[in-house]
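Engineer: Below is the structure I would like to discuss, written out as structure tokens.
The values are calculated or read from the model by the stated rules, or taken from the named source; none is laboratory data. As the structure is a prediction and not an experimental result, all values here were calculated from the model. Using ideal geometry, Cβ is built from the backbone for each residue, glycine included, and neighbour counts are taken over all protein chains shown.
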Amino acid sequence: MTIVYGIKNCDTVKKTLKWLDSQEIQYTFHDFKTQGLSEELLSSFNKQSDWSILLNKRSTTFRNLPNEIKENLTEQVMFDAVLAQPTLLKRPVLIHKNVLSVGFKEQQYQELFLNE
């Protein structure tokens, strides 16, 4: 089973879903805005990927964080900030056969899905 985590109106998520549809790959979509982000789910992401990869430092949400948070980015600070504002995660987060992938790169997806 493939699960795509993100936000429905995110351009990168839209590209991902379009690519998956074009390849006729079945998936489940989890929208952080409507379905939320639990501590357990974020912990599982963090176990499979370094938090610095998961954190979207180019997002408006990140830029709007108080400097005291941005200047003290420990794992716990990041974890708490992302739980409070899931839009701080790079999107999409995709899990396919227990492999976590962050962001959308067509080449990476081709290797993940089409070379099985």
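Engineer: Of everything in the stretch 99-115 that's farther than 18 Å from Leu55 by Cβ, touching a residue at least 12 places away in the same chain (Cβ under 8 Å) and not aliphatic (A, V, I, L, M), which residue is surrounded by the most Cβ atoms within 10 Å (Cβ to Cβ)?
Structural biologist: My answer is Tyr109.
Engineer: Please work out which one of (1) more than 27 Å from Lys18 (Cβ to Cβ); (2) in contact with a helix residue (DSSP H, G or I) (Cβ under 8 Å, 6 or more places away or on another chain); (3) of a type in the set (Lys, Arg) is the condition Arg91 fails and give its number.
Structural biologist: Among (1) more than 27 Å from Lys18 (Cβ to Cβ); (2) in contact with a helix residue (DSSP H, G or I) (Cβ under 8 Å, 6 or more places away or on another chain); (3) of a type in the set (Lys, Arg), Arg91 violates only (1).
Engineer: What residue, among those in the stretch 99-116 that are in a loop (DSSP other than H, G, I, E, B) and either more than 17 Å from Ser22 (Cα to Cα) or modelled with pLDDT under 90 (or both), is nearest to the chain's Cα centre (by Cα)?
Structural biologist: Step by step, filter the stretch 99-116, then rank; the result is Gly103.
Engineer: Sticking with this structure for a sec: Inspect all residues belonging to the stretch 64-81 and state whether any of them is among the aromatic types (Phe, Trp, Tyr) and out of contact with any Phe, Trp or Tyr (no Cβ under 8 Å at 6 or more places or on another chain).
Structural biologist: no
Engineer: Go through the residues of the stretch 53-62 one by one and say whether even a single one is closer than 23 Å to Asn115 by Cβ and among the aliphatic types (A, V, I, L, M).
Structural biologist: Yes; the residues of the stretch 53-62 include at least one that is closer than 23 Å to Asn115 by Cβ and among the aliphatic types (A, V, I, L, M).
Engineer: If you go through the stretch 13-44 one residue at a time, how many are under 13 Å from the mean Cα position of the chain (by Cα) and under 12 Å from Tyr109 (Cβ atoms)?
Structural biologist: 1
Engineer: Restricting the first residue to the stretch 64-92 and requiring it to be among the hydroxyl-bearing types (Ser, Thr, Tyr), which pairs with a second residue that is assigned to a helix (DSSP H, G or I) and at pLDDT 90 or above meet a Cβ separation below 6 Å and a spacing of at least six or different chains?
Structural biologist: That search, which allows pairs on different chains as well, returns Thr87/Thr61.
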